[in-house]
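Q: Here you go, one structure.
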Amino acid sequence: MAYLKLTDVTYRYKNSEKAAVSNLNCIFTTGRLYAVVGPSGSGKSTLLSLLSGLDAPTEGEISYNGTNLKNMDLDRYRREDIAMIFQMFHLFPLLTVLENVCYPLELCGVKPSSAKPRAKALLETVGITADEMKRFPSNLSGGQQQRVAIARSLAVGAKFLLADEPTGNLDAANTKNIMDILMRLTRQEDYCVIVVTHDSEVAEMTDWVMKMRDGKLIL
């Protein structure tokens, strides 16, 4: 079982006396789908930034499988161990759907001849058809684009997925489809998915809801 652990984590932005997050103690493990909820400014996005290694704690420690992130190669950590899923999808508009998923594989040194079948398999897993794989992102619906974004996040094998409002731009039907995919990843393929959301219905679909207020976790 892989895990991410926060121990007495506090983070202050430069030139700010107020802590964006304060004294966080929690653990995230594979095989679970988590929701982090709370009002704007409560520290949810800062938490994701810390977990991804984009920011380092002002105080305390974040460890991945027992190793402090500050002692790790963070570029490699973000390539191989942790991946982000965004509300706005962030797909490359001038690459086809298939090319979007091939891109991180090739970035990690996978030859195009091997990247292509692997990308196709991932896209099929999230319900993207062969015809849709040939299209550019702008020719897909929001729900389809989010599925592509999930497939791309899975491409390099990262077992921890950080999802920042992944259903924020989707209707109810597509929201359920995306959450079904994320639930399946945790239950059947032993991923850890951490979803930041304002949607109480999305939170209710997860295994564990963590509430944030004024930079603190209220479990």
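Only the coordinates and a few stated rules stand behind these numbers; no lab work does. Predicted, not measured: the structure shown is a model, and the values here were computed from it. All Cβ positions, even for glycine, are placed from backbone atoms using ideal geometry, and neighbour counts span all protein chains on display.
Q: Within region 75-178, which chymotrypsin sites (Phe, Trp or Tyr not before Pro) sit in a loop by DSSP and count at most 15 neighbouring Cβ atoms inside 10 Å?
A: Values: sites: Y77, F86, F89, F160; in loops: F89.
When the chymotrypsin sites (Phe, Trp or Tyr not before Pro) of region 75-178 are filtered for loop state and at most 15 Cβ neighbours within 10 Å, nothing remains.
Q: What are the trypsin sites (Lys or Arg not before Pro) within region 1-109 that DSSP puts in a loop, where the Cβ has at most 10 other Cβ atoms within 10 Å? Intermediate results must be reported in sequence, preceding the final value.
A: On the way: sites: K5, R12, K14, K18, R32, K44, K70, R76, R78, R79; in loops: R12, K14, K18.
Listed in order of number, the matching sites are K14, K18.
Q: Could you work out [θ]222 nm for the chain from helices alone, using -39500 (n - 2.57) per DSSP H run of at least four and dividing by all its residues? Round to the nearest 500 deg cm²/dmol.
A: Values: 8 runs with 80 residues, N = 219.
The helix contribution divided over the chain gives -10500 deg cm²/dmol.
Q: Hey, got a sec? Which chymotrypsin sites (Phe, Trp or Tyr not before Pro) in region 3-55 land in a DSSP loop and have at most 10 other Cβ atoms within 10 Å?
A: On the way: sites: Y3, Y11, Y13, F28, Y34; in loops: Y13.
The qualifying sites: there are none.
Q: Hey, of (i) -1.01; (ii) -0.76; (iii) -0.85, which did the structure itself give for log10 I(q)/I(0) by the Debye sum over Cα atoms at q = 0.14 Å⁻¹ when calculated?
A: (iii)
Q: Taking +1 at the Cβ of each Lys and Arg and -1 at the Cβ of each Asp and Glu, which of T186, S52, V97 sits farthest along the dipole of the chain towards its positive end, judged by Cα position relative to the Cα centre?
A: V97
Q: Would you mind calculating the gained length between C108 and A172 on full extension (0.36 nm times residue separation, minus the Cα-Cα distance), in nm to one decimal?
A: Numbers: separation 64, 0.36 × 64 = 23.04 nm, distance 3.54 nm.
Extra length available between C108 and A172 comes to 19.5 nm.
Q: I've got another one for you. One-quarter of the Cα convex hull surface for region 89-157, in nm²?
A: Working: hull surface 15.8 nm².
It is 4.0 nm².
Q: Work out, step by step, the length gained on full extension between T30 and A2: first 0.36 nm times the residue separation, then minus their alpha carbon distance; give nm to one decimal.
A: Working: separation 28, 0.36 × 28 = 10.08 nm, distance 0.57 nm.
So the extension gain works out to 9.5 nm.
Q: Which order do M88, M72 fall in if you start with the one that has the fewest other Cβ atoms within 10 Å? Mind dumping the intermediate values first?
A: Details: M88 13, M72 17.
The order, fewest Cβ neighbours first, is M88, M72.
Q: Enumerate lysine pairs in the chain that are 8 or more residues apart or on different chains, then count those whose Cα atoms are under 13 Å apart.
A: Working: K18/K216; K44/K211; K44/K216; K116/K134; K120/K134.
Close lysine pairs under the 13 Å cut-off: 5.
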